[in-house]
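A short worksheet on the structure shown next.
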Ligand SMILES: [Zn+2]
């Protein structure tokens, strides 16, 4: 999945979570989601983050291959523990969720993800789309429309705007 699809589908899932929990849809929460949803592709030098990783990306790919360790649920669990132990801010929670959403999104791609790395290298998937294909474009527009819908319905955009204008902390 390309980076803009990851961002939009992750924001949609983040909005859905915020609409059903006490979590606030603030600027920090959404920034955490966006960054968390881009980070797993650091193991692909041609990805959005890979091209901006100052060479780290090539080294990770060399060592573990693309969609290797960074797409494992076990690695995510360790990151989630460390991050939430360090800080329980909305940014941290958004980051941990965004990272998880990325793995879920790639799980629905033809390529799949090694959910149980390092115990298994098997790639798990429910193949619904191929990266860069028409089906991914459809998912992008569908997620975008749903994001607008959920945002309007639960007044999340108002909450977001208030968070940047300083009314809600
Ligand atoms: Zn990925």
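Brief remarks follow.
- Those residues of region 37-56 which are within 12 Å of the ligand (Cβ to nearest atom) and part of a helix (DSSP H, G or I), in sequence order: 37, 38, 39, 40, 41, 42, 43, 50
- The residues of region 108-118 that are within 21 Å of residue 46 (Cβ to Cβ) and either more than 15 Å from the ligand (Cβ to nearest atom) or outside any loop (DSSP other than H, G, I, E, B) (or both), listed by number, are 109, 113.
- In region 12-36, the residues that are in a loop (DSSP other than H, G, I, E, B) and surrounded by 21 or more Cβ atoms within 10 Å (Cβ to Cβ): 25, 26
- Flag for residue 103 being within 15 Å of the chain's Cα centre (by Cα), assigned to a helix (DSSP H, G or I) and away from the ligand (no atom under 16 Å from the Cβ): no
- Filtering 131, 121 for residues that are away from the ligand (no atom under 13 Å from the Cβ) and either modelled with pLDDT under 95 or over 14 Å from residue 2 (Cα atoms) (or both) leaves a single hit, 121.
- Of the listed requirements (1) more than 10 Å from the ligand (Cβ to nearest atom); (2) assigned to a helix (DSSP H, G or I); (3) in contact (Cβ under 8 Å) with a residue 40 or more places away in the chain; (4) within 15 Å of the chain's Cα centre (by Cα), residue 80 misses just one: (3).
The values are calculated or read from the model by the stated rules, or taken from the named source; none is laboratory data. Just so it is clear, the model here is predicted, and its values are computed rather than measured. Quick reminder, even Gly has a Cβ in these numbers, built from the backbone with ideal geometry, and neighbours come from all protein chains shown.
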